[in-house]
1. Work the Kirkwood hydrodynamic radius out for the stretch A:177-335: mean of 1/r over every pair of different alpha-carbon atoms, inverted, in Å.
2. Considering the Cα trace of the stretch A:274-325, what is its radius of gyration and what is Dmax, both in angstroms?
3. For the stretch B:193-310, what are the per-bin percents of Cα-Cα distances with bins 10 Å wide, up to the bin holding the maximum?
4. Between the alpha-carbon centers of the stretch A:258-299 and the stretch B:257-276, tell me the distance in whole angstrom.
5. Using 1/(1 + (r/R0)^6) with R0 = 56 angstrom and r between the beta carbons of B:Ser208 and A:Phe248, what's the FRET efficiency to the nearest 0.05?
6. If each of A:Asp87 and B:Glu152 carries a label point 7 Å out from its Cα toward its Cβ, how far apart are those two points in nm?
7. Quote the Stokes-Einstein diffusion coefficient, in whole µm² s⁻¹, for the stretch A:69-177, based on the Kirkwood radius over alpha carbon pairs, a temperature of 20 °C and a viscosity of 1.002 mPa s.
8. Using only Cα atoms, tell me the angle between helix A:132-145 and the longest principal axis of chain A; keep it within 0 to 90° and round to the nearest 10.
Amino acid sequence: MTNSFPDKEPLLRVDGLSVDYGLKGDPLRAIDGVSFELRTGEAVALVGESGSGKTTTAMAIAGLLSPNARVSGGQVHYRGQRLPIDDDAAMRPHRWSETSVVFQGAMNALNPVHRITKQIAEPCILKLGMTRGEATARAIELLELVGIPADRGVAYPHELSGGMRQRVMIAMALACRPSIIVGDEPTTALDVITQAQILKLLRDLRSQLNLALILITHDLSVVAESCDRVMIMYSGRVVEDGTVAEIFAEPKHPYTKLLIASIPNPANGKKMIRPIPGDPPNLVNRPSGCAFHPRCPSTMSVCTTEVPRLGRFGHGRVACHLHPPLQENMVTVHA
Amino acid sequence: MTENIVKYPPRGRTRAVKRFLGQFLRDRGAQVGLVCLVFFLIVAAMPNMLVGPLQTAINATGDFLAPPSGQHLLGTDEVGRDVLNLIVHGARISLTIALLATVISLVVGSTVGMASGYFGGWVDTWLMRITDFFFVMPSFVLALIITPVVLEVMGRSGYILGFRLSLFVIITVIGMTSWSFVARIVRSQTLSIKERTFIDRARVVGSSNLSIMVRHILPNLVPQIAANGALVVAGAIYIETSLSFLGLGDPLQPSWGTLLSLAQRAGAASAGAWWYLGAPGVCALMVSLSFVLIGNALDDTFNPRRRAIP
């Protein structure tokens, strides 16, 4: 992935990032050599099953790795500068000011005993050095930006509906004018209508503030609605990366194909959910070669021995022995 | 964006406090406890206005061990002092000791419990072993051993804020021996609160550990601390009365326990002077009972799940 964007330095560049979680005995590799780039204003979805490493990837970028996590390889560059993602203290200026997070489950992410304006004002005071008065004014401004009337600012979290709480979380994430927002399944606990409203809000804010979005989700319908690009992760590795149109129209990797085939589509008579056979891989004892080979319908002998390289294929990237990287096909990714 | 937002009337802290008080005051126990407590607080606040200065053997006005009469509503003691006068002055001493001891207990207990739960690891291990030590040690026995030693070393004389030094020894001893169960409750709550996402969020936006504990965890602990604080007061009154009864109180500033002790030594029981033994005993009982009632009512109000249990 070196020098793949000679024309323009991306906002965020992740090169071969590997993160281990320290378990007694041997460490567990949560993500293994993840590489991707994110441009200003771009929305990328990280899609995968539980344990596929999507949250670890996003939290590493936001500087929020848990204390037992260790960066065992790779680098993250932000605006051309290397991020010290494994150094808690050195990440402090970056956190929230440049990359902020919309946590899932807003009820837990809001302190029940403080008014919402006070909670939104907190990062402004701590990060931007505002006085309490300035910070409160900024908090009210942010509330209006996410569609909550200013007079609701005095409310406590339990007095708000689920959708409004999620809006408060978004307002909080915007407090320090970051360039990247990580949405950690921001619509998981919401009903479909509220979900659509929150996604629309995120889309509007993105174009208004030129924000880049990393959306963690396992819901492909959310992806189609709100992202430019999709990265499919499996067992801690990126298996396919492409634009939303590409991934949905012609998925390359067998896992992606099965994933998309599993969405029921009543419109064309496909009313049954077709699950992917087999179990998610065990991260402690990851299958050799391509981690997906035990469940893959088109396994070849090479799949059990060699880890496929994430190479360029068409307009995107795919890591599969069925689609060996084409060196001559140097089409710009993310066109 | 705003078309789907329903407007609610603004609700604030006053409203929440009102709702809380409404529910709290509906509890019969809380009503009884509050009335009783307010009565004793008024008595303790102005003893001189109600019954005149504290009587001693020198300015005693009555007969020896006279039964209750119009002049001495609660009778007199063995040197002719008015028992009502002693009780009213004792209220101030007893309540001060109990409340100050509770403050110490809550401050120490909350600090240890929060630090233990928040930091975890070896901090937790060591703080909890120390807490266990105080927990298994019956606080009354510990107080019984520490108090005479400290009194011997420091002496009984000297005044702080109008109270004798020996009273502060008792306050400290009660405080230091009753914090352990507060620490345990606070620790368990802290363990659950610190796992919630808003603590991570506070850390991410740059709050220090101290600020997370004081501004994010402590306000969430107020229900537990308040409800248990009321129970600690009741316990403190009990320990204070017992210690004073055993002669560790200060005879120059008699608390209810000291009065009980004096009555016992004067042979009030065998002399049939029920008013001398009964009055301080009933007072101590009523005050600790009212604190227990208030504590239970607070617990019920703060914790809706408890109401389901009959």
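No value in this document is a laboratory result; all are computed from the given coordinates. These numbers were taken from a predicted model, which means no experiment stands behind them. Here the Cβ is made from the backbone with ideal geometry for all residues, glycine too, and neighbour counts use every protein chain on show.
1. Numbers: mean 1/r = 0.0576 Å⁻¹.
One decimal place: 17.4 Å for the Kirkwood radius.
2. Cα only, the stretch A:274-325: 11.8, 33 Å (Rg, Dmax).
3. Going out from 0 Å in 10 Å bins, the stretch B:193-310 shows 13, 26, 21, 18, 13, 7, 2, 0 percent.
4. The stretch A:258-299 and the stretch B:257-276 have Cα centres separated by 86 Å.
5. Numbers: r = 46 Å, r/R0 = 0.83.
Taking R0 as 56 Å, the efficiency between B:Ser208 and A:Phe248 is 0.75.
6. Those two pseudo-labels are separated by 5.9 nm.
7. On the way: Rh = 14.9 Å.
Reported coefficient: 144 µm²/s.
8. Helix A:132-145 sits roughly 60 degrees off the main axis of chain A.
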